[in-house]
1. With axes computed from alpha carbons, what is the tilt in degrees of helix 123-136 against the longest principal axis of the chain, rounded to the nearest 10 within 0 to 90?
2. Relative contact order of the chain, please, whole-number percent, based on alpha carbon pairs below 8 angstrom and at least 6 residues apart.
3. Go through VAL196, VAL109 and list them by solvent-accessible area, largest first, probe radius 1.4 Å.
4. Excluding ligands and nucleic acids, what accessible area in Å² is computed for ARG152 using a 1.4 Å probe, to the nearest 10?
5. Per the helix-only calculation at 222 nm, which mean residue ellipticity applies to the chain, given -39500 (n - 2.57) for every DSSP H run of n ≥ 4 and division by its residues, nearest 500 deg cm²/dmol?
6. Taking the Cα atoms only, what angle lies between the long axis of helix 178-203 and the longest principal axis of the chain, rounded to 10 degrees?
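The values are calculated or read from the model by the stated rules, or taken from the named source; none is laboratory data. Owing to the predicted nature of the structure, the values given are computational and were not obtained by experimental measurement. Quick note on the areas: whole protein, heavy atoms, side chains included, nothing else; ligands and nucleic acids left out. Shrake-Rupley method; radii C 1.70, N 1.55, O 1.52, S 1.80 Å.
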Amino acid sequence: MFFGKLAKIPSDGIPYPIFAYAGLLPWTFSSNAVTAGSNSLVGNAALITKVYFPRTLIPGAAIGAGLVDFAIAAIILFAMMLWYGTHLTIGVLLIIPLMILLTGLSMGVGLWISGLNVKYRDVRYALPFLVQIWMYATPIIYPISFVPERWRWVLVLNPLTGIIDGFRAALFSHPIAWSELGVSAAISLTFLVYAVFSFKRMEREFADII
């Protein structure tokens with residue numbers, strides 16, 4: 001019954017298993033990076049109070065570690081694509097700048113929430129719920145075309161929408177929705193800059209609060 005329901009979900013002409021996996025791959029990296037980065041300061045409280053160093057290194061290291069998991073999971077995706085007879089093209093190189101953009105977005109969200117988590121410890125309990133909502137608001141197991149056209153602009157405001165759509169386009173040689181990707185890039189970079197400045201302001205109080 002479950003797989004019968006999945007078969008009804010459009011996948012833009014791509015075999016559904018690799019369509020879904022191609023969306024889950026960047027999403028899993030981002031969600032794990034945000035969660036790890038958000039809890040990194042509280043988890044290293046002793047280090048923060050004893051040694052001075054740029055505090056941004058702690059969330060950054062937690063997020064960077066997720067790149068290893070991403071690389072391993074990507075190998076599985078490529079194996080699945082070979083199994084389904086889907087061939088890679090030169091367009092797959094677009095994944096590199098997309099991953100840089102995705103890492104920047106994850107870094108921004110992780111930095112901002114990690115600072116809030118130090119000041120307001122209840123943030124860690126709300127985070128899994130918020131991440132789950134974010135997942136359903138992102139076209140991971142469904143294409144953006146699955147959403148009624150009059151509501152797609154709302155979905156596009158989610159910066160992960162353009163990134164994941166671009167990720168699939170690079171893998172499956174589909175046309176890239178540059179307008180969506182442009183919105184994602186603008187929001188991601190703007191939020192990263194905001195998160196860095198916000199983190200710097202909150203950083204002054206970390207040693208006293210933590």
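1. So the inclination is approximately 10 degrees.
2. On the way: 239 pairs, mean separation 65.5, N = 210.
So the answer I get is 31 percent.
3. Details: VAL196 55, VAL109 20 Å².
Largest to smallest exposure gives the sequence VAL196, VAL109.
4. Surface open to solvent at ARG152 totals about 70 Å².
5. Details: 10 runs with 155 residues, N = 210.
Taken over the chain, the calculation gives -24500 deg cm²/dmol.
6. It works out to around 10 degrees.
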